[in-house]
Amino acid sequence: MRFAILEDSRSQAMLLQTMVEELGHEGVVFPGAQAFRQGLEAQAFDLLLMDWILPDGSGDELLGWVRQRFGWSLPVIFVTARVAESDVAAMLRLGADDYVCKPIRYVELAARIEALMRRKSMLGIPAPDALPVTVGNISLDPGARAAFVDRNPVALTGKEFDLALLLLRNLGTLFNRQTLLERVWEVGADIDTRTVDTHVSRLRRKLGLEPANGWQLTTVYGHGYRLERIAA
């Protein structure tokens with residue numbers, strides 16, 4: 001599994017990464033909040049290890065963004081020196097699944113990670129929005145945030161993945177640019193609609209959305225975009 005490690009102290013980050021790797025997982029280190037946001041948008045992670053006090057943000061604000069952007073199924077453990085009862089209560093109320101106190105103890109961290117991942121695997125059936133989608137030669141796995149064309153992995157950014165998922169789940173539906181902004185970017189008219197055009201162009205290239213591959217991604221002048229399956 002792949003873990004995202006948010007820690008501005010290089011020594012602490014390297015310690016966490018080593019511990020995670022000794023547990024058989026991959027640890028990707030981010031030194032600050034901005035890099036962390038960009039990393040989570042660009043690739044999928046199975047668990048987040050987050051510091052609370054950061055040079056360019058705070059743990060509570062960042063956790064709020066994580067829950068809003070990725071929902072409540074992504075496990076989050078805070079690794080922090082803030083161990084006052086009020087601080088711990090605040091972390092849990094804001095959506096943290098667990099916490100580990102600094103200085104970090106390997107056995108405790110391993111036990112908490114294992115317990116959290118075990119609880120996650122035992123929690124019911126995935127929601128419909130989390131189920132994989134396969135149409136033609138394209139497969140999207142929302143849980144892993146992974147895309148495949150002809151069973152080969154394709155690297156998509158977070159927004160590219162969300163846009164592809166929306167179009168693939170709604171084949172034949174005409175979406176205007178404003179609707180796509182609201183559904184994928186969750187914003188109104190304050191972002192240039194050319195952002196949509198840029199992402200559609202990238203998807204067409206990365207996923208091979210061309211008639212030769214059985215796809216028709218149509219630009220409807222003055223309206224927006226429609227993705228359809230056609231005879232190759």
Any chance residue 116 is surrounded by 12 or more Cβ atoms within 10 Å (Cβ to Cβ), farther than 20 Å from residue 13 by Cα, of a type outside the set (Ser, Thr, Tyr) and in contact (Cβ under 8 Å) with a residue 60 or more places away in the chain: yes
Considering residues of segment 22-72 that are among the aromatic types (Phe, Trp, Tyr) and at pLDDT below 90 only, the residue farthest from residue 89 (Cα to Cα): 45
Pick from segment 160-182, criterion more than 24 Å from residue 149 (Cα to Cα) and assigned to a helix (DSSP H, G or I), ranking: modelled with the lowest pLDDT: 182
Candidate set from segment 45-101 (those that are surrounded by 20 or more Cβ atoms within 10 Å (Cβ to Cβ), among the aromatic types (Phe, Trp, Tyr) and assigned to a loop (DSSP other than H, G, I, E, B)); member that is farthest from the chain's Cα centre (by Cα): 52
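Please find, among 19, 1, the residue that is modelled with pLDDT of 90 or more and not β-branched (Val, Ile, Thr). Walk me through how you get there before you give the answer.
Details: 1 fails: modelled with pLDDT of 90 or more.
Just one listed residue meets the conditions, 19.
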Single condition residue 42 does not satisfy, out of (1) buried (at least 20 other Cβ atoms within 10 Å of the Cβ); (2) touching a residue at least 40 places away in the same chain (Cβ under 8 Å); (3) among the hydrophobic types (A, V, I, L, M, F, W, C): (1)
Pairs where the first residue, in segment 159-185, is more than 11 Å from residue 199 (Cβ to Cβ) and the second is hydroxyl-bearing (Ser, Thr, Tyr), C-beta under 6 Å, 6+ apart: 175/225
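Which of the residues that make up segment 1-27 are assigned to a strand (DSSP E or B) and buried (at least 16 other Cβ atoms within 10 Å of the Cβ)?
So the first thing to find is which residues in segment 1-27 are assigned to a strand (DSSP E or B), and the list is 2-6, 26-27.
If the condition is that a residue be assigned to a strand (DSSP E or B) and buried (at least 16 other Cβ atoms within 10 Å of the Cβ), then 3, 4, 5, 6, 27 are the ones that fit.
The values are calculated or read from the model by the stated rules, or taken from the named source; none is laboratory data. Since this is a predicted model, take the numbers as computed values, not measurements. Because the Cβ atoms are built from the backbone with ideal geometry, glycine has one as well, and the counts that use them run over all protein chains shown.
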